[in-house]
Amino acid sequence: MTEEALDGAPAQIAALFTPIPNGKVLAALCSLNGVKAQIVETSAGAIAVLDDARPKSMHGAAHAVSSFAKERPLLAMERREGQITVWRYLAGQRGDTLPPGLALNDAPGVVTTLMTGAQTLADVAVTHEDKVFDAHMSRIAAFAALRRLSKEAKREAQRNRAER
């Protein structure tokens, strides 16, 4: 993609579908990296619907988030003029472009409905209010949230080991 295309007009929607299962973690991670978004937690990971849908911003956000979640790929997706384009990212590196039908085939319904435009983020928030998180916190608040969530996860893991 040329630099001119990267600075092009915003897409109708730009999102990152990540393997991160906890929406609060993704919200804090996005905020820590200066990525403003609304996060929806799904059964197969969390999706970040980006505030800035320009290509350069989407690819920068995908690089930042995939650099953190290195072991599993994430999908950077945009819908522009009715066409969905999907890129795979792994360990901060942009990989190949995937056919949208293949990429979204096994995705949770909320991901598909957002990307196709069947629902807006506001529609999803009404029906999934306990699964929608805001990535608009300061970097200090994001770091504190990640520390707190990490401690909670460690305590949960210890409880699970003790129950076995």
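Select, from ARG80, ARG94, ARG54, the only residue that is surrounded by 13 or more Cβ atoms within 10 Å (Cβ to Cβ), farther than 20 Å from VAL40 by Cβ and in contact with a Pro (Cβ under 7 Å, 6 or more places away or on another chain).
Values: ARG80 fails: in contact with a Pro (Cβ under 7 Å, 6 or more places away or on another chain); ARG94 fails: in contact with a Pro (Cβ under 7 Å, 6 or more places away or on another chain).
That would be ARG54, the only listed residue that is surrounded by 13 or more Cβ atoms within 10 Å (Cβ to Cβ), farther than 20 Å from VAL40 by Cβ and in contact with a Pro (Cβ under 7 Å, 6 or more places away or on another chain).
Using the structure shown, decide if ARG94 is more than 14 Å from ALA14 (Cα to Cα), outside any helix (DSSP H, G or I) and at pLDDT below 95. Answer is no for this residue. Within region 43-76, take every residue that is of a type in the set (S, T, N, Q) and touching a strand residue (DSSP E or B) at 6+ places or on another chain (Cβ under 8 Å) and give me the one that is nearest to VAL126 (Cα to Cα). Here the answer is SER57. Residues of region 125-152 that are under 23 Å from VAL40 (Cβ atoms), assigned to a helix (DSSP H, G or I) and either free of Cβ contacts under 8 Å to residues at least 60 places away in the same chain or among the β-branched types (Val, Ile, Thr) (or both): VAL126, THR127, GLU129, ASP130, ALA144, ARG148, SER150, GLU152. Taking VAL111, is it surrounded by 14 or more Cβ atoms within 10 Å (Cβ to Cβ) and touching a Phe, Trp or Tyr at 6+ places or on another chain (Cβ under 6 Å)? Judged against the criteria, VAL111 is a match.
The values are calculated or read from the model by the stated rules, or taken from the named source; none is laboratory data. These figures come from a predicted structure and were not determined experimentally. Here the Cβ is made from the backbone with ideal geometry for all residues, glycine too, and neighbour counts use every protein chain on show.
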